[in-house]
Number of protein chains: 2
Amino acid sequence: MAELLQALREIVSERNVLSGDQISDDYTHDECLNVAPVRPTFVVRPDSAEQVSRILTLANQHRIPVTVRGAGSGLSGACIPDPDGIVLSTERLKKIVIDTDNHVAIVEPGVTLGELDEATAPHGLCYPIQPGEASATLGGNVATNAGGMAAVKYGVTRNLVLGMQFVLPSGEIVESGGKFVKSSSGYDLSQLVLGSEGTLAVVTRIIVKLVPRLSHRMTLLAPFLSVEAITRTVPKIVQSGAGPLYVEYLDALAFAGACRRKNVDLGLPQEITSTAHAYMLILVEGAVGERVQEDAERLAEMCAENGALDVIMLPASKAKLVIDGREESFWSGKEAGMSDQLDVVVPRASLAHFMTEVQNISQATGTFITGTGHAGDGNVHLGIFQPDEQKRGDTIDRIFDLGQRLGGVVSAEHGIGVAKKKYFQKREDPAKLALLRRIKQAFDPNGIMNPGRVFDLEP
Amino acid sequence: MAELLQALREIVSERNVLSGDQISDDYTHDECLNVAPVRPTFVVRPDSAEQVSRILTLANQHRIPVTVRGAGSGLSGACIPDPDGIVLSTERLKKIVIDTDNHVAIVEPGVTLGELDEATAPHGLCYPIQPGEASATLGGNVATNAGGMAAVKYGVTRNLVLGMQFVLPSGEIVESGGKFVKSSSGYDLSQLVLGSEGTLAVVTRIIVKLVPRLSHRMTLLAPFLSVEAITRTVPKIVQSGAGPLYVEYLDALAFAGACRRKNVDLGLPQEITSTAHAYMLILVEGAVGERVQEDAERLAEMCAENGALDVIMLPASKAKLVIDGREESFWSGKEAGMSDQLDVVVPRASLAHFMTEVQNISQATGTFITGTGHAGDGNVHLGIFQPDEQKRGDTIDRIFDLGQRLGGVVSAEHGIGVAKKKYFQKREDPAKLALLRRIKQAFDPNGIMNPGRVFDLEP
C-alpha cells in the first residue's frame, strides 16, 4: 500500500493523492438516496490524459478498482467508491476550448455545465443539454448519457457528443470521432463509452456540438383534468413544427410543491386548482421574438382545444421560478422524506396509462408516489415515499415491470449504478447481459473499472 | 454443400435459397467503382428474425461467411459477397409500422427510404435522412450510418435510430433501445451495431424517430469566387437560427455538370460563370411560408455581405433539378470515367484549406479531381479521375493524409467496406484497431460476419 501511495504521488505529485483522513466525506457518496457512503483507499487528482494513463496502468497491474468521480451529483450511486479502490477525481481536468468556426466545444471531463455555459455565452452559442444541475460535470453527463428538459428539442448527451479521448485500463489512450457530425469509419467507440457509467474507460476529453443561443422565450402553463389529456395533446404540440424546448408535466402535488418551494403565486382560481390533476408546462424559444409569440399563441390554442382548463402565458420571472421549482423536485422530495426516485422511460404515448397503473400500485402497496416528468419524451420521475425497505422494493419492482410491459426501460437518464442494478439485471435478457459482459471484457479484462456497477461480471 | 443447401431450404423454403445460375449478377456487386464482383455460394431470403436466427446458427456451426445485402446501392464494396459464403438478402424483410402517437417508425431492414417516405407522408411526418438514393434500404443506411444533404439540420442515421433488434452469429436475438430518445440502462448496443457494416450482427428491426414534414421550402444559389469564401460564410448561416436543411457547395465543374445533366439553364450571366469557382446551395424549409421567405431573404443578405457574386432564389422546379443534378454527381462522374469517389470529412472550417491542398495534390500527381460537398458539415465528395492504379492509390493516400492532418477521417458516410480498408487501417492507431478487433470478437467469435470488411481480424 505504501508502495502504491508512493507510485501515485510520483504521477500526480504529493498534494494530489489523498488517503485516510485527508479524504473528505464529499468523495464517499453521490446524491443517491439509498446507497451508503464508502471511503476509498486513495483519491487521485490527475490533470492530464498522460497522468490518467499512468494511474490506470498502475491500478491495472495491481488489480485495484478505479472509480471516476465528477461533481458527485449523480443519482444512482455509480461513483460511490470501492473501499479497496482508487477514486480518480476529474476536478483538475477543467480545460475548455470553444471553436466558433466549427460550432463545437472541446472540454475536459471536470468542466461543469455551468462553466461551459459561461464560456459559450459570449459567442452566441450554447450546449443545450439541461439535466437540471449546473454543477454537474460534462464527464458525469457523458457517463450517464444525461438528458433533462430540453431533450424533446435537442435530444440527449449522446446526440451532442461528436467525439472523445478516453484511456483504457491498459493505459492506452484512444481518440474517437472529431469535430464533425458525420463518420462512417469503424465502430463508434465514443457512443459505446458514452453511458457506460465508468465501467469501460476514463474519458479525458469530450468534443460536443454547440447550437445557436436563442434569445427569445415564452412559457405556457396549462392545467388539465388528467395526465391522459396531456399525453393526448403532446404529439400535436411536437408535430406543430414550433419545436418547443420543454414539454413537461407535473402532477397537482408536484406543481404545488414547485410553487411553494419558490414562493411563487400564479393566482390560479380555486376552481382550477381544485380540479386540475396535472399541469403541462411548455417553453418555446427562438431567434425572432414575434415568431416565438405566434408559436406560443398557437400552442396555447392547441392546449385549449385539447381540454386545458386554462392556458396562462407566464411572465419571464415567474416562469423561471416555476421551472426552477420543477428542476428542484428531487430536493423538495428529499426534504419531504422521499425514499427513492425513479426515472423510468416509456414510449411517450404510454405515459398516461403508465401513470394510472402507478397510482394503482401506489394504492395496492400503501406507498405514496409523486410524479413529474418530461411529457415530450415519456420520461417520468416518480418520488417513492415508503420507509419499509421490503415494501419499497416490491413497489419499485412492480413499477419497473409495468414500464417494461409498456416497452420502456429502468433508467432514462440517471443511470443504473448500484442503486438500480438488481432491477436492471433482473429484467435484461441473459443473452444481452452476456454480450454486455463480453464487451466489458474487451475494454477491461481485469475488471478494475468501477466494478459491481450496472451489471455483475458473473451471471 | 448439398446438406447445407437442404438445411437452408428448410429454413426459408426452396424458392428463397438461390445457388449457381439462379444467382443473378445483382447479388455480386454494389455501386463501388473499383471492387470486382463476386458470386456467393448461396443467396438466402429470410422473412423473419427467427429465420435469420436459424440461418446464422447454421452458418456459425459451419463457419460459413455471411454477407448481408440490402439494395446494393453502397459505395464501399461492403456487401460484395465471399465466394464461399452466403448472401443474406433483406429483400423480404419489408414491414413498416408508423406510430403517430410516438412519432416513430418501426421498420424491417429491407424497407427502402422511398417506401418509408411514402408511408410517413399521409401522417404529416417524415424520416429526414437523405443520402441521395431513395432505393437504398434502411438496413443499408444503418450499416453505414448514412448521412447526406440534410445532416446539417437533422444529423445522420445515428441521430435518428432509437433502437433495434439484431441477431448475433450465435442465433441469439437481442433487443436494444425502444420508442424513446432517453435511455441510460446499459451500453447502447444499437449505436455500436450502427455503422458496423455487417461485421457484428444482422439487424432485423429498426426504430427510427420521425419529424414533422414541413411544407414550405426555398432554395438559394450563391456563386462565390472561392470555396474559401463559402467556408467563411457557413458558420454565420448555421448560427443564424434559420436552421437550413441543406448547405451545399459545388465547384464550378460539378455545378456545370449538375445543370447539364438535368438540362437546366439558370441564365447566369457570363461574367459570373467565368469568375465563380464555387457555388453555395442553401435550402430553407419550415411550417410557415412567410417565415421561410424571411429566412431565405436573411440568408441571401448574409451571402451577399460575405462575398457572394450574386444570390438567386431558385424557382421550385429549377431548384429540384439542380439538387437532383447535385445528388447524381456520382452518376455524372461515373459516366465521365471517374475512377474513384472519396467522402472524406474534415472539421467544417477546414474545408477551404482542404480543397486548396487537394488541388495541389491534383497538380502534383496529374490527377483530375472534382469536388462537391456538404459545406455545412465538412464532408466533401471528391471525384478522382486517374486510370493508373498506382498513381491513383498515391493520390488517394495523400488526400487521406491531408484529411487526417486536419482532424478528419477517411469516410463520412459511405463506409470503409473493402474499398477503403487499407487506407483506414493504415491511419488508425494500433491500440484502437486492437480494441475494435476485441469488440468484433465479443459479437462474432468465429469471424463469420462479413469477414475482411472494415479491418482485418489479424494485425
Query raised in the report: Among the residues of the range A:440-454, which ones are hydrophobic (A, V, I, L, M, F, W, C) and either under 10 Å from A:Ile64 (Cα atoms) or buried (at least 22 other Cβ atoms within 10 Å of the Cβ) (or both)?
Result: A:Phe443, A:Ile448, A:Met449, A:Val454
**Report entry** Conditions (1) open to solvent by 40 Å² or more (accessible area, probe 1.4 Å); (2) part of a loop (DSSP other than H, G, I, E, B); number of the one not met by B:Glu50
**Finding:** (2)
Query raised in the report: Say we look at the range A:400-459 and pick out the residues that are more than 10 Å from every other protein chain (Cβ to nearest Cβ), more than 26 Å from A:Gly171 (Cα to Cα) and in a loop (DSSP other than H, G, I, E, B); which of these is nearest to the chain's Cα centre (by Cα)?
Result: A:Ala419
Report task. Give the residue that is farthest from A:Phe180 (Cα to Cα), with candidates limited to residues of the range B:395-412 that are without any contact (Cβ under 8 Å) to a residue 40 or more places away in the chain and out of contact with any helix residue (DSSP H, G or I) (no Cβ under 6 Å at 6 or more places or on another chain). Result -> B:Asp397
Report task. Would you point out the residue of the range A:124-176, among those that are more than 10 Å from chain B (Cβ to nearest Cβ) and without any contact (Cβ under 8 Å) to a residue 24 or more places away in the chain, that is surrounded by the fewest Cβ atoms within 10 Å (Cβ to Cβ)? Result -> A:Ala134
Requested in this report: May I ask you to verify whether B:Phe180 is aromatic (Phe, Trp, Tyr), open to solvent by less than 30 Å² (accessible area, probe 1.4 Å) and either touching a Ser or Thr at 6+ places or on another chain (Cβ under 8 Å) or more than 11 Å from chain A (Cβ to nearest Cβ) (or both)?
Outcome: no
Report summary line: Within the range A:1-25, the count of residues that are over 16 Å from A:Arg92 (Cα atoms), in a helix (DSSP H, G or I) and open to solvent by 20 Å² or more (accessible area, probe 1.4 Å) comes to 10
Report task. Please work out if A:Thr112 is over 11 Å from the mean Cα position of the chain (by Cα), without any contact (Cβ under 8 Å) to a residue 60 or more places away in the chain and within 24 Å of A:Val202 (Cα to Cα). Result -> yes
Query - Among the candidates B:Asp117, B:Asp101, B:Asp82, residue that is assigned to a loop (DSSP other than H, G, I, E, B), open to solvent by 10 Å² or more (accessible area, probe 1.4 Å) and at pLDDT 95 or above - result: B:Asp82
Query raised in the report: Residues of the range A:411-422 being open to solvent by 10 Å² or more (accessible area, probe 1.4 Å) and either within 23 Å of A:Ala352 (Cα to Cα) or among the aliphatic types (A, V, I, L, M) (or both), which ones?
Result: A:Glu413, A:His414, A:Val418, A:Ala419
Query raised in the report: What pairs come up if the first residue lies in the range A:414-437 and is in contact (Cβ under 8 Å) with a residue 12 or more places away in the chain, the second is open to solvent by less than 20 Å² (accessible area, probe 1.4 Å) and part of a helix (DSSP H, G or I), and their beta carbons are under 6 Å apart, counting only those six or more places apart or on different chains?
Result: A:Ile416/A:Phe424; A:Tyr423/A:Phe400
Query raised in the report: So which of A:Ser185, A:Ser240 ends up being within 8 Å of chain B (Cβ to nearest Cβ), open to solvent by 10 Å² or more (accessible area, probe 1.4 Å), of a type in the set (Ser, Thr, Tyr) and closer than 30 Å to B:Phe424 by Cβ?
Result: A:Ser185
Requested in this report: Restrict the check to the range A:188-198 and report whether at least one residue is free of Cβ contacts under 8 Å to residues at least 40 places away in the same chain, open to solvent by 10 Å² or more (accessible area, probe 1.4 Å), within 9 Å of chain B (Cβ to nearest Cβ) and assigned to a loop (DSSP other than H, G, I, E, B).
Outcome: yes
Requested in this report: Could you list all residues from the range B:213-237 that are surrounded by fewer than 19 Cβ atoms within 10 Å (Cβ to Cβ) and either at pLDDT below 90 or not in a loop (DSSP other than H, G, I, E, B) (or both)?
Outcome: B:His216, B:Arg217, B:Glu228, B:Arg232, B:Pro235, B:Lys236
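The values are calculated or read from the model by the stated rules, or taken from the named source; none is laboratory data. Just so it is clear, the structure is predicted and the values come from calculations on it, not from any experiment. Methodologically, a virtual Cβ is constructed for each residue, glycine included, from the backbone with ideal geometry; neighbour enumeration extends over all protein chains shown. For the accessible areas, the whole protein counts, side chains as well, though only heavy atoms, and no ligand, DNA or RNA atoms are used. Shrake-Rupley method; radii C 1.70, N 1.55, O 1.52, S 1.80 Å.
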